[in-house]
1. Please name all residue pairs, on different chains or six or more residues apart, with Cβ atoms under 7 Å, provided the first residue is in the range 61-89 and is hydrophobic (A, V, I, L, M, F, W, C) and the second residue is open to solvent by 60 Å² or more (accessible area, probe 1.4 Å).
2. Is it the case, given these coordinates, that Ser177 is of a type in the set (Ser, Thr, Tyr) and either in contact with a strand residue (DSSP E or B) (Cβ under 7 Å, 6 or more places away or on another chain) or buried (at least 18 other Cβ atoms within 10 Å of the Cβ) (or both)?
3. Determine which member of the set Asn190, Asn194, Asn139 is among the polar types (S, T, N, Q), over 19 Å from the mean Cα position of the chain (by Cα) and open to solvent by 10 Å² or more (accessible area, probe 1.4 Å).
4. Considering only residues that are under 28 Å from Asp84 (Cα atoms) and part of a helix (DSSP H, G or I), which ones fall in the range 117-157?
5. Name the single residue that is nearest to Tyr113 (Cα to Cα) among those in the range 66-93 being surrounded by 21 or more Cβ atoms within 10 Å (Cβ to Cβ) and among the small types (Gly, Ala, Ser).
6. Among the listed residues Lys160, Lys183, identify the single one that is out of contact with any Leu (no Cβ under 7 Å at 6 or more places or on another chain), among the basic types (Lys, Arg) and either free of Cβ contacts under 8 Å to residues at least 24 places away in the same chain or within 30 Å of Ser120 (Cβ to Cβ) (or both).
7. Under the condition of being outside any loop (DSSP other than H, G, I, E, B) and either at pLDDT below 95 or of a type in the set (A, V, I, L, M) (or both), which residue from the range 105-114 is nearest to Gly127 (Cα to Cα)?
8. Test Lys164 against the criterion of being open to solvent by 10 Å² or more (accessible area, probe 1.4 Å) and part of a strand (DSSP E or B), and give yes or no.
Amino acid sequence: MTTYDFLLDMETENSNSVILKNISKGSTVFEFGPAHGRMTKYLKEELNCAVAIAEIDQEAGEEAAKYANLSYVGESQGDLNNKDIYMSIVKSGNKYDYIIFADVLEHLTDPQYVLKWAASSMLKAKGSVWISVPNIAHNSVIIDLWNNKFEYRETGLLDKTHIKFFTESSLESFVESCGLKVKTKHNLINVVSNTEFNNSYEDVPAYISYGLKNRKDGEVYQFVWELTR
């Protein structure tokens with residue numbers, strides 16, 4: 001079992017549920033980094049989608065592949081940081097209604113290349129790319145920085161495998177640099193007291209606390225956006 005083996009929660013508003021509720025039944029989907037396939041299974045069994053996946057983790061990828069029509073699994077086929085694998089993927093000639101990067105782009109050494117390539121090579125003319133990306137400017141991170149803390153963790157905003165970090169404005173610039181535009185935004189809230197940082201507004205001086213509480217989107221935890229060409 002890997003760090004990213006979570007149960008799918010369709011009852012609350014989270015990155016997975018937001019994306020899945022916006023996928024049309026019977027569509028074609030390419031899911032990058034599906035981990036153990038919790039979304040893949042739902043796409044296949046509940047939405048009757050034809051799904052293709054690429055996953056670097058062999059064990060997780062093999063589990064996800066049970067629900068995929070086409071799969072690229074393991075370091076030789078599913079390492080998204082290895083640009084050679086994209087030649088194998090594009091050889092299939094398939095185009096997709098949806099491409100999904102759910103909590104994936106922040107793990108890549110060159111996410112601009114990957115997103116731009118996927119959108120230009122794999123996406124149907126009227127298709128959509130769905131991304132979910134953590135917000136490094138969440139107030140809980142700022143509270144820790146005020147207290148001279150920046151500690152990587154197993155999961156969450158400061159997941160130790162995160163390579164790239166985004167704020168809303170930098171993510172907008174990133175999307176534009178990939179030749180895409182934002183169609184819809186779902187900025188998901190997680191209050192400071194509910195995060196993995198175990199901190200609070202009481203951990204900073206009152207004037208800082210006041211400023212943080214009044215920051216626009218200071219408690220946005222994740223950006224879940226739909227992108228189009």
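1. Final answer for the pair search is Val73/Gln58; Val73/Glu62; Leu80/Ile56; Ile85/Gln77.
2. no
3. After ruling out the rest, the residue left standing is Asn194.
4. If the condition is that a residue be under 28 Å from Asp84 (Cα atoms) and part of a helix (DSSP H, G or I), then Trp117, Ala118, Ala119, Ser120, Ser121, Met122 are the ones that fit.
5. Here the answer is Gly78.
6. Details: Lys183 fails: out of contact with any Leu (no Cβ under 7 Å at 6 or more places or on another chain).
Exactly one of Lys160, Lys183 is out of contact with any Leu (no Cβ under 7 Å at 6 or more places or on another chain), among the basic types (Lys, Arg) and either free of Cβ contacts under 8 Å to residues at least 24 places away in the same chain or within 30 Å of Ser120 (Cβ to Cβ) (or both), namely Lys160.
7. In this case the residue turns out to be Val114.
8. no
The values are calculated or read from the model by the stated rules, or taken from the named source; none is laboratory data. The structure displayed is predicted, hence computed values, not measured ones. Heads up, the Cβs are rebuilt from the backbone with ideal geometry, glycines too, and the neighbour counts pull from every protein chain shown. Please note that ligands, DNA and RNA were not included when accessible areas were found on the heavy atoms of the full protein model with its side chains. Shrake-Rupley method; radii C 1.70, N 1.55, O 1.52, S 1.80 Å.
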